[in-house]
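Comments concern the structure below.
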Amino acid sequence: MGNTNNPLEDLQLLTRDNVIEKYLEVRKEKDITQAALAKTAKISRPNVARFESGEYNPTLGYLVKLAYAMDMELDIRLVERTAAEKKQ
């Protein structure tokens, strides 16, 4: 992730990267290929690859489909920002 000099944009990129990292971790732990995931989720394999490389910003529905295809559930939390984060 690069520094955009925009704290909100940086946070968006960091959040996206964290989501991608978690999906990759789960997919690999479950030994699921991109092709198998795409077939089960009924989405294209190139879109899975684009998502995993950060080239595609997925919709919430897309993330739910991927999670469901891996026998997982998408859980979104809102957490208080730290004092340091609020100063940015």
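The values are calculated or read from the model by the stated rules, or taken from the named source; none is laboratory data. Bear in mind the structure is a predicted one, so any value in this text is a computation, not a measurement. Glycine also receives a Cβ, built like all others from the backbone with ideal geometry; neighbour counts cover every protein chain displayed.
General remarks:
- Selected residue (only one of 50, 81 is in contact with a Phe, Trp or Tyr (Cβ under 8 Å, 6 or more places away or on another chain) and of a type in the set (Lys, Arg)): 50
- Count of residues meeting criterion [closer than 12 Å to residue 66 by Cα and β-branched (Val, Ile, Thr)] in the range 1-32: 4
- Boolean, residue 53 is under 16 Å from the mean Cα position of the chain (by Cα) and among the polar types (S, T, N, Q): yes
- In this entry, residue 62 passes the filter for residues that are surrounded by 14 or more Cβ atoms within 10 Å (Cβ to Cβ), at pLDDT 95 or above and under 23 Å from residue 11 (Cα atoms).
- Among the candidates 37, 13, the residue that is surrounded by 13 or more Cβ atoms within 10 Å (Cβ to Cβ) and at pLDDT below 95 is uniquely 13.
- The range 1-32, residues that are closer than 16 Å to residue 72 by Cβ and without any contact (Cβ under 8 Å) to a residue 24 or more places away in the chain: 18, 21, 22, 25, 28, 29, 31
- Some residue of the range 68-87 being surrounded by 15 or more Cβ atoms within 10 Å (Cβ to Cβ) and among the β-branched types (Val, Ile, Thr): no
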